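The values are calculated or read from the model by the stated rules, or taken from the named source; none is laboratory data. Note that the structure is a prediction, hence the values are computed from the model and not measured. When we count neighbours, we look across all protein chains shown, and the Cβ atoms used for this are built from the backbone with ideal geometry, even at glycine. For the accessible areas, the whole protein counts, side chains as well, though only heavy atoms, and no ligand, DNA or RNA atoms are used. Shrake-Rupley method; radii C 1.70, N 1.55, O 1.52, S 1.80 Å.
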Amino acid sequence: MSAATTRSRTPDRLCAEAVDLARAAAEEAAAPGVVGEHVGVLAEGDRVVTHFFRCMELGYRGWRWAVTVARASRAKAVTLDEVVLLPGPDAVLAPEWVPWSERLRPGDMGPGDLLPTEADDLRLEPGYTGEEAPPPNSPVSEEMAELVEAEDAEVTAAPPAKLPAVPARGSIPAVAEELGMRRARVLSRYGLHTAADRWDEGFGAKTPMAQAAPASCVSCGFLTPIGGSLGQAFGVCANEFSPADGRVVSLAYGCGGHSEAAVMPTPPRPAEPVIDENRVDPFPLRPAPDSGSVPVMPDEESAELGHS
């Protein structure tokens, strides 16, 4: 270890004793009454020392006023360098700033909100370019491109904003218009995969609802198919009593509202009472004398409790 390194870790004596100078500088920079007691000294380098004072201002728990003082070589006068409010080891800090594009979550957008899409968004790719050769992911096949060349049609090189209202027949924009794909950008393969993973996580085969379902959505009459490549694995639920009503669900998803679910059996009814209409049971109009709980007395007047 060099001598310079050793000296930098040891506070300079004159700078360390300049506590009053550091406190006066902190009180001048801060509001009245918010500079607390002296809590420490830190050697920043040769003849450079930082004094720390507790911050008493509300909302700044654990923060410290840091006042740095220094002196020139072979000089005895200590001068002020800077005054700043810094967080201490146990200070209350605001959470780390996150850009809005990373803070945004599904469902955060409201009426009137705009979500600009970046030009290099990985979820999108050009739908058509207007060039003579279609892009690799274009819905226009190579056969269509050869047909355009055989008809000697003009292919415009202008951007989509400058295209005429009705593209020239045989051009790539005209074919894209006919196929319903005349959009500046379409979903890329990455965008398709992320959407499929997101939908499968919410309404897929691994959810608890699908695990307990009597059958999957692929055989349900309430499933509405969707177009495109995603239609091979997903559809839209149209059962108003299903938890996925109006949602894109995986064909392997299922719930208790399946159209072919077994009908619940009716509760058993008790048997009808059996009445024997061929036999007559006689019933006396008056009770028998010996039907009570008190024995019959020969003389009713001599009975102590009377008849029951």
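Provide the packing ranking of 110-117, 11-18, 76-83, i.e. peptides ordered by the mean count of other C-beta atoms within 10 Å per residue, highest first. The partial results should precede the final answer.
Values: 110-117: 6.6, 11-18: 18.1, 76-83: 13.5.
For the peptides 110-117, 11-18, 76-83, the packing ranking is 11-18, 76-83, 110-117.
Using only the Cα atoms of the range 1-86, construct the convex hull and provide its projected area averaged over every direction, in square nanometres to one decimal. Write down the numbers at each step before the final one.
Values: hull surface 23.1 nm².
Averaged projected area of the range 1-86's Cα convex hull equals 5.8 nm².
Write down the accessible area per residue of the range 199-270 in Å², having rolled a 1.4 Å probe over the full set of protein chains. Don't skip to the answer; put the middle values down first.
Numbers: 4710 Å² over 72 residues.
Ligands and nucleic acids excluded, the result is 65 Å² per residue.
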³J(HN,Hα), Karplus 6.51/-1.76/1.60, whole Hz, each residue of the range 248-255, x for Gly, Pro = 7, 10, 6, 5, 8, 6, x, 8
Express in Å², to the nearest 10, the accessible area of F203 obtained by rolling a 1.4 Å probe over the protein heavy atoms while all chains stay in place.
-> 40
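Say R0 is 30 Å: what FRET efficiency, to the nearest 0.05, do E57 and D20 get from their beta-carbon distance? Spell out each step's value before the answer.
Numbers: r = 21 Å, r/R0 = 0.71.
Working from the Cβ atoms, E equals 0.90.
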Out of residues 5 or more away from V249 or on other chains, whose amide H comes under 5 Å of its own, with H placed 1.01 Å from N in the peptide plane?
-> G235, V236, C237
Report in % the part of the accessible area of the range 1-124 that belongs to carbon and sulfur, leaving out ligands and nucleic acids; probe 1.4 Å.
-> 55
